[in-house]
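A.B. asks: Mind having a look at this structure? Questions to follow.
Coordinate-derived values only; no laboratory data. Model, not experiment: these values are computed from the prediction. Quick reminder, even Gly has a Cβ in these numbers, built from the backbone with ideal geometry, and neighbours come from all protein chains shown.
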């Protein structure tokens, strides 16, 4: 059974009642972030029960050892770990000498936790009775500032309910932390200095090997019933720890509150010798503004994000909560301000997978940021890969490829491959193509072709050279084949002629030739520069065309479908409907050997090709392939339901489309994959946005125009969204009986709706 304790609400994620067995799941679901750092929803006070402590800093990682057996040529030298950073949130609470710990108290009642997505804060409240008989009311609120992205703020309140008490707060910093996901018990942090300056405290540490320097800092203020008070502090100091102890007597019914300001200042953004000074400036800003004003500004900043990114759903609160949760987490993870950062699959909510970016960014996330942010944000995401082109060429060279062939990593922090699973690192080469269709999507959507002569064509050349060399001529078939791969469906490893991979390679080669010819004609100086740097020639372009034209695509005449891979029909083709539910999910119930021999598909594979290149296939072909493959798909990848939702909507199979939408939108909220305790599925959340905009909204680019084919699920009364299309804000509202389109200012715009051209304006909404 899926977890279903999250209370439906349009603008909040709400948990009521304290259950120890769901603490780790809630720590993931209630995570907060600001694009530069993030924090799991660990309790501020001590908690001796099962917990997953996690604080993370964008761009800071550790190259954990990779150990392999006999075959080492080309294997990654390390597995990049998303690092648990020094803890900043901790506040030890002691009442009449007894520590507040929800794992050991007599009772907990009225427990409520709220992630307010509209305003960008996390709140928690409860009442408790300690073992010494003291009854307390506790309230806490915290946020990570969008305006000051090195700062977090906490307001923590304790009210004694049945007697006068002595309360001690010990806010602290701790660099003696460990990672949940560590293979070899390596030490990740080296603590350099533990310092204090009056009410301020600092811990400076650096990561081992990568030498990222981080100063974690804090300062605190106090109130009783809202009035500021001054307290004398005592210091608890150790090699990796500093705590400031404040104690005072509080009468029954009085509220004693601490405001803790803390955060990270890193050598990623500052000179490593000036971290303490920078940290002091951050704390001074926080103390000057105070919690109330900082929170007010947080609300304003989130309001500005929502003004562009929100999707409104009428008549279905669970669907509404789901999409806003997804949009909220995406914005907490990446805001596009720093081209050195990217979107990790767990964001700031966990450590699983490692690395800061996967192919998910190009395949799923780019459209979301392209349409809800400024165009420059999407350009930054593309530039991130351009800046790693040299590393991609080095990655390919390690595997024996030559002449500037580029293989982008499956997982990376700095352009180097850093994943330690063979089938993913060496076989799942389809990720190389995602770099190219992301460029296509950017140019088609923004109309900004200039990216290709400036940067994009060089990436295309490197990737095309890889595909040319990776393909093998089969004298038997008299076609080019691609052997020993894993497609997006990771439940088939080391197969030959995966349809998606072969088709992608064919398309990449053709697209590279097309753009090389266009740049040579229309951007002669750029082409000369690129040709001098890469040595590209017409002869080489012609060789790419030949490989593309003769690329083998496995096809079953009997079934009338392209085959996932050469051996798919050799399997025992038992559908998911005929699989015992007790066997699900198979990735938690079956051996890997059994999974690999089964027909079951983890995520869209052949259908992924139909999704990425839908204009190459007819509606009838899509239906035939959807009906053939979906019954074998277990959707145990977070990236699967959104693709199927979009395709089901295109096929007018709206009940299916809606079911898949709910699965992708509430994947984590309802814990479909039974793994939310490890962190959230951040990158698939962009797919949720796509399932509404591209699925139910039918948004495409056709004939260089924005095109829509709206459809509405039965459960909804209506939905609406906005798009930033070529610097014009397009507003779309879909009801059961009409569609409404308008512009937020600017010149009139011609769009397509169900294939017919209409003109929309800012003056008056256009109804269809």
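A.B. asks: Contact order normalised by length for region 36-309, with contacts defined as Cα pairs under 8 Å and 6 or more residues apart; what percent is it?
C.D. replies: For region 36-309, the relative contact order is 19 percent.
A.B. asks: How would you order 545-552, 569-576 from highest to lowest mean count of nearby Cβ atoms within 10 Å?
C.D. replies: 545-552, 569-576
A.B. asks: Ok, one more. Once fully extended, how much extra length lies between residue 473 and residue 240, figured as 0.36 nm per residue of separation less the alpha-carbon to alpha-carbon distance?
C.D. replies: Length difference between fully extended and current span is 77.9 nm.
A.B. asks: Taking Cα atoms, how many degrees apart are the long axis of helix 499-522 and the longest axis of the chain, rounded to 10 and kept between 0 and 90?
C.D. replies: 80 degrees
A.B. asks: In degrees from 0 to 90, rounded to the nearest 10, what is the angle of the helix 619-629 Cα long axis to the longest principal axis of the chain?
C.D. replies: Rounded to the nearest ten degrees, it is 60.
A.B. asks: Relative contact order (percent) for the chain, with alpha-carbon contacts under 8 angstrom and 6 or more residues of separation? Show your work: numbers first, answer last.
C.D. replies: Working: 1667 pairs, mean separation 93.9, N = 768.
For the chain, the relative contact order is 12 percent.
A.B. asks: Taking every pair of Cα atoms in region 599-718, average 1/r, invert it to obtain the Kirkwood radius, and report Rg/Rh to two decimals. Before the final figure, lay out the partial values.
C.D. replies: Numbers: Rg = 14.1 Å, Rh = 14.6 Å.
Reported Rg/Rh, Kirkwood definition of Rh: 0.97.
A.B. asks: If R₀ is 51 angstrom, what is the calculated FRET efficiency for the pair residue 269 and residue 594, using the beta carbon separation as r and rounding to 0.05?
C.D. replies: Efficiency for this residue pair is about 0.60.
A.B. asks: Work out, step by step, the length gained on full extension between residue 127 and residue 553: first 0.36 nm times the residue separation, then minus their alpha carbon distance; give nm to one decimal.
C.D. replies: 147.0 nm
A.B. asks: Where does each of 525-531, 327-333 land if you order them by average Cβ count within 10 Å, highest first? List each step's numbers first, then the result.
C.D. replies: Working: 525-531: 15.3, 327-333: 24.7.
Answer by packing, highest mean first, reads 327-333, 525-531.
A.B. asks: Could you give me D for region 1-129, from Stokes-Einstein at 4 °C and 1.567 mPa s, where the hydrodynamic radius is the Kirkwood radius over C-alpha pairs? Units µm² s⁻¹, please.
C.D. replies: Values: Rh = 17.3 Å.
Value of D from the Cα-based Kirkwood radius: 75 µm²/s.
A.B. asks: So for 89, 701, fewest C-beta neighbours within 10 Å to most, what's the order?
C.D. replies: On the way: 89 25, 701 16.
By the 10 Å Cβ count, ascending: 701, 89.
A.B. asks: Same structure again: Could you tell me what a quarter of the Cα convex hull surface of region 116-254 works out to, in nm² with one decimal place?
C.D. replies: The Cα convex hull of region 116-254, projected and averaged over all directions, gives 11.4 nm².
A.B. asks: Below 8 Å between Cα atoms, with a sequence gap of 6+, how large is the relative contact order for region 499-573 in percent?
C.D. replies: RCO, region 499-573: 40 percent.
A.B. asks: Can you say what percent of the DSSP beta bridges in the chain, counting only those with both residues inside, are antiparallel? Round to 5.
C.D. replies: 95 percent
A.B. asks: Of [x] 51, 33, 24; [y] 46, 29, 26; [z] 39, 34, 26, which is the value of semi-axes √(5λ) of the Cα gyration tensor in Å derived from the coordinates here?
C.D. replies: So the structure-derived entry is [y].
A.B. asks: Starting from the Cα gyration tensor of region 339-412, multiply each eigenvalue by 5, take the square root, and state the resulting semi-axes largest first in whole Å.
C.D. replies: In descending order, the three semi-axes are 24, 16, 9 Å.
A.B. asks: Would you mind ranking 508, 215 so that the residue whose beta carbon has the fewest other beta carbons within 10 Å leads the list?
C.D. replies: Ordered by Cβ neighbours within 10 Å, fewest first: 508, 215.
A.B. asks: If each residue of separation counts as 0.36 nm, what is the full-extension length gain between residue 107 and residue 729 once their alpha-carbon separation is subtracted?
C.D. replies: Between residue 107 and residue 729, full extension yields 218.7 nm more.
A.B. asks: Could you let me know the centre-to-centre spacing of region 136-154 and region 553-627, using Cα atoms, in angstrom?
C.D. replies: Value for the Cα centre distance between the two parts: 46 Å.
A.B. asks: To the nearest 500 deg cm²/dmol, what mean residue ellipticity at 222 nm is calculated for the chain from DSSP H runs of n ≥ 4 alone, each contributing -39,500 (n - 2.57), summed and divided by the residues? The partial results should precede the final answer.
C.D. replies: On the way: 18 runs with 225 residues, N = 768.
Mean residue ellipticity, 222 nm, calculated: -9000 deg cm²/dmol.
A.B. asks: A follow-up question, please. In square nanometres, what is one fourth of the surface area of the convex hull spanned by the alpha carbons of region 36-309?
C.D. replies: Mean projected area for region 36-309: 16.9 nm², to one decimal.
A.B. asks: Using Cα centres only, tell me the gap between region 282-320 and region 389-445 in whole Å.
C.D. replies: If you average the Cα positions of each part, the centres end up 37 Å apart.
A.B. asks: Using the Cα atoms of region 697-768 to build a convex hull, what is its mean projected area in square nanometres?
C.D. replies: Across all orientations, region 697-768 yields a mean hull projection of 4.5 nm².
A.B. asks: Return the distance in nm (one decimal) between the two label points of a simple spin-label model at residue 195 and residue 761, each offset 7 Å from Cα along Cα→Cβ.
C.D. replies: Between residue 195 and residue 761, the simple spin-label model gives 6.4 nm.
A.B. asks: What angle do you read, to the nearest 10 degrees and between 0 and 90, between the alpha-carbon axis of helix 457-470 and the longest principal axis of the chain?
C.D. replies: With both axes taken from Cα atoms, the answer is about 70 degrees.
A.B. asks: Using only Cα atoms, figure out Rg for region 281-430 and give it as a multiple of 2.2 N^0.38 Å.
C.D. replies: Ratio of Rg to 2.2 N^0.38 Å for region 281-430: 1.29.
A.B. asks: Neighbour counts of other C-beta atoms within 10 Å: give me 61, 672 arranged from fewest to most.
C.D. replies: Working: 61 25, 672 21.
Result, fewest neighbours first: 672, 61.
A.B. asks: Based on alpha-carbon positions alone, could you give the equivalent ellipsoid semi-axes of region 543-603 from the gyration tensor, as √(5λ), descending, whole Å? Walk me through the numbers on the way to the answer.
C.D. replies: On the way: eigenvalues 197, 41, 16 Å².
So the three semi-axes of region 543-603 are 31, 14, 9 Å.
A.B. asks: Starting at 0 and stepping by 10 Å, how many percent of the alpha carbon pairs of region 394-548 end up in each bin?
C.D. replies: Result returned by the calculation: 11, 39, 36, 13, 1.
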